[in-house]
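Structure first, commentary second.
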Amino acid sequence: MADKTEKQDMMWRAIGGLVGLVTAWAARKVIGFAWEKATGKKPPADHESLDISLGEAIGYAVVMGVGMQVAQIVVTRTARKRYDAWRTLRDTAKEVAS
């Protein structure tokens, strides 16, 4: 039984890692697009540049940090619920078949 649990945990880690990477990439693109539409400026690429105001650099960092974290939480929880439902269905089907 321990092997089965370890294998399922490893499978979820692989799926969760992939979901995390895709979510981070997509959230960065969406937040950058929204920032550009809201402010009319491209997102600050170099936070150390003195051409970017301190308020803009901090504002973008806060928006990006909160937005990315919210996206990660929502997508990861949704993916985990789907994975658990699939695993339960699969285990039930195996029990019925045997």
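The values are calculated or read from the model by the stated rules, or taken from the named source; none is laboratory data. It should be emphasised that the depicted structure is a prediction, and the values quoted were computed from it without experimental measurement. No Cβ is skipped: glycine too gets one built from the backbone with ideal geometry, and neighbour counts run over all protein chains shown. With ligands, DNA and RNA removed, areas are computed over all heavy atoms of the protein, side chains included. Shrake-Rupley method; radii C 1.70, N 1.55, O 1.52, S 1.80 Å.
Collect the residues in the stretch 18-40 that are of a type outside the set (A, V, I, L, M) and open to solvent by less than 40 Å² (accessible area, probe 1.4 Å), keeping them in residue-number order.
Gly20, Thr23, Gly32, Trp35
Select, from Gly59, Gly65, the only residue that is at pLDDT 90 or above and more than 26 Å from Gly16 (Cβ to Cβ).
Answer to the check: Gly59.
How many residues does the stretch 11-40 hold that are farther than 17 Å from Arg77 by Cα and part of a helix (DSSP H, G or I)?
Number satisfying all stated conditions: 13.
From the set of residues in the stretch 41-79 that are of a type in the set (Lys, Arg) and not in a helix (DSSP H, G or I), which is surrounded by the fewest Cβ atoms within 10 Å (Cβ to Cβ)? Let's see the steps before the verdict.
Filtering the stretch 41-79 down to residues of a type in the set (Lys, Arg) leaves 41-42, 77.
Retained after the next criterion (residues that are not in a helix (DSSP H, G or I)): 41-42.
Details: Lys41: 11, Lys42: 9.
Result: Lys42.
Kindly establish whether Asp91 is loosely packed, with under 13 Cβ neighbours inside 10 Å, of a type outside the set (Lys, Arg) and either under 21 Å from the mean Cα position of the chain (by Cα) or not in a helix (DSSP H, G or I) (or both). Talk me through it step by step, then tell me what you get.
Working: loosely packed, with under 13 Cβ neighbours inside 10 Å: yes; of a type outside the set (Lys, Arg): yes; either under 21 Å from the mean Cα position of the chain (by Cα) or not in a helix (DSSP H, G or I) (or both): no.
Here the answer is no, as Asp91 does not meet what is asked.
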